[in-house]
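Student: Pasting in a structure now, in structure tokens, and then I'll have a few things to ask.
The values are calculated or read from the model by the stated rules, or taken from the named source; none is laboratory data. Computed from a predicted structure; not experimentally measured. Note: ideal-geometry Cβ built from the backbone for every residue, glycine included; neighbour counts use all protein chains shown.
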Amino acid sequence: MWGEHLIKELKPGQGVVMDTVAFHRSKKTKDLIESVGCEIIFLLPYSPDLNPIEKFLANMKR
């Protein structure tokens, strides 16, 4: 599961920035991230300009 890999890298007090896709907003994801003392920070809906992966994918399409 991706969550197991993620929590190994997180340290208490860190923020995890995510978009608002449904599985990012799930209780399971929230509980997992908060269980290691991290805060979830959601990007604004429909804001690909704030999401670094969107810039990467746009460059890959060129």
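Student: Hey, can you tell me all the residues within segment 1-55 that are modelled with pLDDT of 85 or more and among the aromatic types (Phe, Trp, Tyr)?
Tutor: Residues satisfying the conditions are Phe23, Phe42.
Student: Would you mind stating whether Leu43 is in contact (Cβ under 8 Å) with a residue 24 or more places away in the chain, touching an Asp or Glu at 6+ places or on another chain (Cβ under 6 Å) and of a type in the set (A, V, I, L, M)?
Tutor: Working: in contact (Cβ under 8 Å) with a residue 24 or more places away in the chain: yes; touching an Asp or Glu at 6+ places or on another chain (Cβ under 6 Å): yes; of a type in the set (A, V, I, L, M): yes.
The answer is yes for Leu43.
Student: So how many residues does segment 1-60 have that are among the acidic types (Asp, Glu) and touching a Leu at 6+ places or on another chain (Cβ under 8 Å)?
Tutor: Matching residues across segment 1-60 total 1.
Student: Quick check on Leu57: is it part of a helix (DSSP H, G or I) and in contact (Cβ under 8 Å) with a residue 12 or more places away in the chain?
Tutor: no
Student: Here is a follow-up. In segment 20-39, what residues are in contact with a strand residue (DSSP E or B) (Cβ under 6 Å, 6 or more places away or on another chain) and either small (Gly, Ala, Ser) or surrounded by 15 or more Cβ atoms within 10 Å (Cβ to Cβ) (or both)?
Tutor: Just the residues of segment 20-39 that are in contact with a strand residue (DSSP E or B) (Cβ under 6 Å, 6 or more places away or on another chain), to begin with: 20, 24, 33, 38-39.
Correct list: His24, Ile33, Cys38.
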